[in-house]
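The values are calculated or read from the model by the stated rules, or taken from the named source; none is laboratory data. Keep in mind that this is a model prediction, so the values were computed, not measured. Cβ placement follows ideal geometry from the backbone for every residue including glycine, while neighbour counts extend to all protein chains displayed. These area figures cover heavy atoms from the full protein model, side chains too; ligands, DNA and RNA do not enter into them. Shrake-Rupley method; radii C 1.70, N 1.55, O 1.52, S 1.80 Å.
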Amino acid sequence: MTRAEQKEHTRRTLLAASRRLFAAKGYGAVGLAEVVRESGVTKGALYHHFAGKAELFRAVLEEVQQEVAARVVAAAETAADPWDQLKSGCAAFVAAGADPEVQRIMLIDGPAVLGWTEWRAIDEKTSAKHLTEALTTLIDNGTLPAQPVAPLTRLLSGAMNEAALWLAQSSGPDDLADTQTALSRLLDSLRAHG
């Protein structure tokens, strides 16, 4: 293994171990000594890659955000029509947000650890970017009434994030399906008629 490959392997190992720990225990309950022990690397190696726990968490959060965005895009791409792409993508986001690992890292600890402004900046690069693009297409093609895209994006994003947080606390066997149905109805109510 080359030096560059070894360096990348160490970084990936640290991210994987940190992600498991942050998802299981939450950011506040995880110490760097535990990350080092779990990953099997030295503390020096950790500090070679990350300035500290917050920077390590940020890297884990970005990885989770990118994975969720990839799931949303993959679901959207299964539909041919832009409207069905939006609905499929939104449903995939809520389903991904129902994953306890995603909830803990992306929706609970993310804003708390990094602060709302930095968390939103990361979200803007992933989820919000795709949602903005989809809504812009639907407004341009007349499926949605002409309107400013930025507030609509924030409203829908907030609703889906809140639904995912609620799903984290819910225990009903039909809660995810009911949330998907409510989201579908909400989206349908936005369509241009006539």
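Could you list all residues from region 98-114 that are surrounded by 14 or more Cβ atoms within 10 Å (Cβ to Cβ) and touching a Phe, Trp or Tyr at 6+ places or on another chain (Cβ under 8 Å)? Those that are surrounded by 14 or more Cβ atoms within 10 Å (Cβ to Cβ) and touching a Phe, Trp or Tyr at 6+ places or on another chain (Cβ under 8 Å): Arg104, Ile105, Asp109, Gly110, Pro111, Val113, Leu114. Would region 116-128 turn up any residue that is over 20 Å from Glu62 (Cα atoms) and among the hydrophobic types (A, V, I, L, M, F, W, C)? No, the conditions are met nowhere in region 116-128. On the stretch given as region 109-143, residues that are at pLDDT 90 or above and of a type outside the set (S, T, N, Q) total 16. Of all residues in region 12-28, exactly one satisfies the criterion of being buried (at least 19 other Cβ atoms within 10 Å of the Cβ) and charged (D, E, K, R), namely Arg19. Taken over region 50-65, the criterion of being in contact (Cβ under 8 Å) with a residue 40 or more places away in the chain and either among the aliphatic types (A, V, I, L, M) or open to solvent by 10 Å² or more (accessible area, probe 1.4 Å) (or both) is satisfied by Ala54, Leu56, Arg58, Ala59, Val60, Leu61, Glu62, Glu63, Val64. If you filter region 154-191 down to residues that are within 29 Å of Ile139 (Cβ to Cβ) and touching a Pro at 6+ places or on another chain (Cβ under 9 Å), you find that the one that is most open to solvent (accessible area, probe 1.4 Å) is Arg191. May I ask you to verify whether Ala70 is within 23 Å of Gly158 (Cβ to Cβ), over 13 Å from the mean Cα position of the chain (by Cα) and open to solvent by 20 Å² or more (accessible area, probe 1.4 Å)? So Ala70 fails the test.
Residues in region 29-47 that are touching a residue at least 24 places away in the same chain (Cβ under 8 Å) and either loosely packed, with under 15 Cβ neighbours inside 10 Å or outside any helix (DSSP H, G or I) (or both): 2 in all.
If I go through region 115-129 residue by residue, how many of them are more than 15 Å from Ala159 (Cα to Cα) and surrounded by fewer than 19 Cβ atoms within 10 Å (Cβ to Cβ)?
Summing the residues that are more than 15 Å from Ala159 (Cα to Cα) and surrounded by fewer than 19 Cβ atoms within 10 Å (Cβ to Cβ) in region 115-129 gives 8.
Could you check region 18-66 and list, in sequence order, the residues that are among the aliphatic types (A, V, I, L, M), more than 24 Å from Arg120 (Cα to Cα) and either modelled with pLDDT under 95 or out of contact with any Lys or Arg (no Cβ under 9 Å at 6 or more places or on another chain) (or both)? If the condition is that a residue be among the aliphatic types (A, V, I, L, M), more than 24 Å from Arg120 (Cα to Cα) and either modelled with pLDDT under 95 or out of contact with any Lys or Arg (no Cβ under 9 Å at 6 or more places or on another chain) (or both), then Val41, Ala45, Leu46 are the ones that fit.
At least 2 residues being in contact with a Ser or Thr (Cβ under 8 Å, 6 or more places away or on another chain) is the threshold, and among the helices (runs of 4 or more DSSP H) wholly inside region 89-194 those reaching it are 129-140, 149-169. Contact annotation: residue pairs with Cβ atoms under 8 Å, 6 or more positions apart or on different chains, pairing a residue in region 69-90 that is under 20 Å from Thr179 (Cβ atoms) with a partner that is of a type in the set (Ser, Thr, Tyr) and surrounded by 22 or more Cβ atoms within 10 Å (Cβ to Cβ), are Ala69/Ser127; Val72/Ser127.
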